[in-house]
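Please read the structure below before turning to the comments.
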Amino acid sequence: MSTSWSALGVPERIVAGLLARDITSPFPVQAATLPDALQGHDICGKAPTGSGKTLAFGIALALKVEKSKPGRPQGLVLVPTRELAAQVAKEVSMLCSGSDIRVAAVYGGAGYGPQVKAARAASIVVATPGRLEDLIKRRDLDLGAVALAVIDEADRMADMGFMPAVKRIMRAVSKSRQTLLFSATLDGDVDALIKEFQNSPKKHQIAAAENAGEIDHLFWNVGREDRTRMVAEIATHYERAIVFCRTKHGSDRLAKNLDSMGMSTCVIHGNRSQAQREKALEQFRRGKATVMVATDVAARGIHIDAVPVVIHFDLPEDPKDYIHRSGRTGRAGQKGVVISLIDKSMRRSTGQLTKGMKFEVNYVDPDFEAISLPTKPIRPGEIGTVKALSLQRA
């Protein structure tokens, strides 16, 4: 028997907003952590990407944070990427709808003026560590009044080298604060963070199998010269696909080749401005672009439901990146498929990358009928005509 939002202590005004978005019942991470969070306990949550933790800590923020004095927010969320900052801020803003609580996103790659103005008026600030430290040094923000701090994707921030900045920021926050920490792993630098900044935290571990959708991991034999053609063929079977490349230039080159084949693409990588990245996300959300080509900068930053397929055009070097890339599909209990395009020369490195993962690696020839995910053909005129897919080469 599933738990209701009301049983978790969520008031009617927020429940009504959730129901309007067809979020009818809590996911396991929300059911597990919300009661402890609302009672004021520190939370240490081990939860995979796509588990619904944003909603878990977002509801806690919406219920526990009060209107703040200018420049002295009461709620703080630390995240690793610009995209994640923008998306978390949007989610928390929706949860605070109807109240006088304002939410601001603070991140690099954008001008200071609008961000400073929004952050000073906000009760909840969602920030990447670098830009937040800049605002603190400029004395635009003072964290001494923060009563509830959230550290999201802590392992990713450690991987990206942000841990020293995270520690400096947390030392600037009120010592009487409540701290909610969420991470896919809790060892190493993350464990040190827990020991220094949390007080007898309530620990919750949410297994991927409990809340993630069913994901098929397929490894298709595709020669290097055929990979672009295969990406296009896969994309024609589904409404949307995210394709990961290892380099920025490789992403641009693939997108250009796909465009020449009649596909509608958008690109996200570190050389794109924040405005360009936000435009790409919006195009993808709205279906104006049906294929997003990205580097690992987007592996954690993109939170979009109903992405049926993730394609590894280039495999990453780190198993964590494979997991986080793949986590863009199969979100919110939906089914998804992850397809890696493997040349025979890549099998050894692929085996090393996937060693220890909880799925079997079989190298097979491309076979759309073997995919359990229902296909959704692109409607005529939706992205233009795909030209000679069977003959086109990268």
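The values are calculated or read from the model by the stated rules, or taken from the named source; none is laboratory data. These figures come from a predicted structure and were not determined experimentally. With ideal geometry, Cβ positions are generated from the backbone for all residues, glycine too; neighbour counts draw on all protein chains shown.
Give me a count of the residues in region 326-368 that are surrounded by fewer than 17 Cβ atoms within 10 Å (Cβ to Cβ), in contact with a Leu (Cβ under 8 Å, 6 or more places away or on another chain) and modelled with pLDDT under 90.
Counting residues in region 326-368 that are surrounded by fewer than 17 Cβ atoms within 10 Å (Cβ to Cβ), in contact with a Leu (Cβ under 8 Å, 6 or more places away or on another chain) and modelled with pLDDT under 90 gives 1.
So ASN211 passes all but one of these: (1) touching a helix residue (DSSP H, G or I) at 6+ places or on another chain (Cβ under 8 Å); (2) modelled with pLDDT of 95 or more; (3) surrounded by 15 or more Cβ atoms within 10 Å (Cβ to Cβ). Which condition number does it fail?
Unmet for ASN211, out of (1) touching a helix residue (DSSP H, G or I) at 6+ places or on another chain (Cβ under 8 Å); (2) modelled with pLDDT of 95 or more; (3) surrounded by 15 or more Cβ atoms within 10 Å (Cβ to Cβ): (2).
Which of the residues that make up region 56-101 are more than 18 Å from THR128 (Cα to Cα) and of a type in the set (Lys, Arg)?
Answer for region 56-101, where residues must be more than 18 Å from THR128 (Cα to Cα) and of a type in the set (Lys, Arg): LYS64, LYS67, LYS69.
Inspect all residues belonging to region 74-90 and state whether any of them is over 17 Å from LEU141 (Cβ atoms), modelled with pLDDT of 90 or more and surrounded by fewer than 17 Cβ atoms within 10 Å (Cβ to Cβ).
Within region 74-90, one or more residues are over 17 Å from LEU141 (Cβ atoms), modelled with pLDDT of 90 or more and surrounded by fewer than 17 Cβ atoms within 10 Å (Cβ to Cβ).
Among (1) in contact with a Gly (Cβ under 8 Å, 6 or more places away or on another chain); (2) in a loop (DSSP other than H, G, I, E, B); (3) within 30 Å of ASP321 (Cβ to Cβ), where does LEU141 come up short?
Condition (3) is where LEU141 drops out.
Could you list, in sequence order, all residues of region 1-23 that are within 16 Å of GLN39 (Cα to Cα) and of a type outside the set (Gly, Ala, Ser)?
TRP5, LEU8, VAL10, PRO11
Is at least one residue of region 64-72 in a helix (DSSP H, G or I), under 23 Å from PHE27 (Cβ atoms) and not acidic (Asp, Glu)?
Checked against the condition, which is being in a helix (DSSP H, G or I), under 23 Å from PHE27 (Cβ atoms) and not acidic (Asp, Glu), region 64-72 yields at least one hit.
Go through region 138-155 and give me each residue that's out of contact with any strand residue (DSSP E or B) (no Cβ under 6 Å at 6 or more places or on another chain) and either surrounded by fewer than 16 Cβ atoms within 10 Å (Cβ to Cβ) or closer than 23 Å to LEU34 by Cβ (or both).
ARG138, ARG139, GLY144, ALA147, GLU153, listed by residue number.
How many residues does region 127-137 contain that are touching a residue at least 40 places away in the same chain (Cβ under 8 Å) and surrounded by fewer than 21 Cβ atoms within 10 Å (Cβ to Cβ)?
Summing the residues that are touching a residue at least 40 places away in the same chain (Cβ under 8 Å) and surrounded by fewer than 21 Cβ atoms within 10 Å (Cβ to Cβ) in region 127-137 gives 0.
Can GLY262 be described as at positive phi, in the same structural domain as TYR322 (by TED's automatic domain parsing) and surrounded by fewer than 20 Cβ atoms within 10 Å (Cβ to Cβ)?
yes
Starting from region 345-365, keep only residues that are more than 16 Å from PRO316 (Cβ to Cβ), then list their pairs with residues that are part of a helix (DSSP H, G or I) whose Cβ atoms are within a distance under 8 Å, requiring at least 6 positions of separation or different chains.
Hits for this filter: TYR363/ARG347; VAL364/ALA370.
Identify, please: which residue in region 88-108 is part of a loop (DSSP other than H, G, I, E, B) and not small (Gly, Ala, Ser) and is, among those, nearest to the chain's Cα centre (by Cα)?
TYR107
Out of everything in region 109-125 that is assigned to a loop (DSSP other than H, G, I, E, B) and either under 22 Å from VAL173 (Cα atoms) or of a type in the set (A, V, I, L, M) (or both), what residue ends up being modelled with the lowest pLDDT?
ALA110
Residue-by-condition table, conditions (1) in the same structural domain as GLU196 (by TED's automatic domain parsing); (2) out of contact with any Ser or Thr (no Cβ under 6 Å at 6 or more places or on another chain); (3) on the phi < 0 side of the Ramachandran plot; (4) of a type in the set (Lys, Arg):
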{"position": "LEU18", "(1), (2), (3), (4)": "yes, yes, yes, no"}
{"position": "ASP22", "(1), (2), (3), (4)": "yes, yes, no, no"}
{"position": "CYS44", "(1), (2), (3), (4)": "yes, yes, yes, no"}
{"position": "ILE59", "(1), (2), (3), (4)": "yes, yes, yes, no"}
{"position": "LYS64", "(1), (2), (3), (4)": "yes, yes, yes, yes"}
{"position": "SER68", "(1), (2), (3), (4)": "yes, no, yes, no"}
{"position": "GLN87", "(1), (2), (3), (4)": "yes, yes, yes, no"}
{"position": "ASP100", "(1), (2), (3), (4)": "yes, yes, yes, no"}
{"position": "GLY109", "(1), (2), (3), (4)": "yes, yes, no, no"}
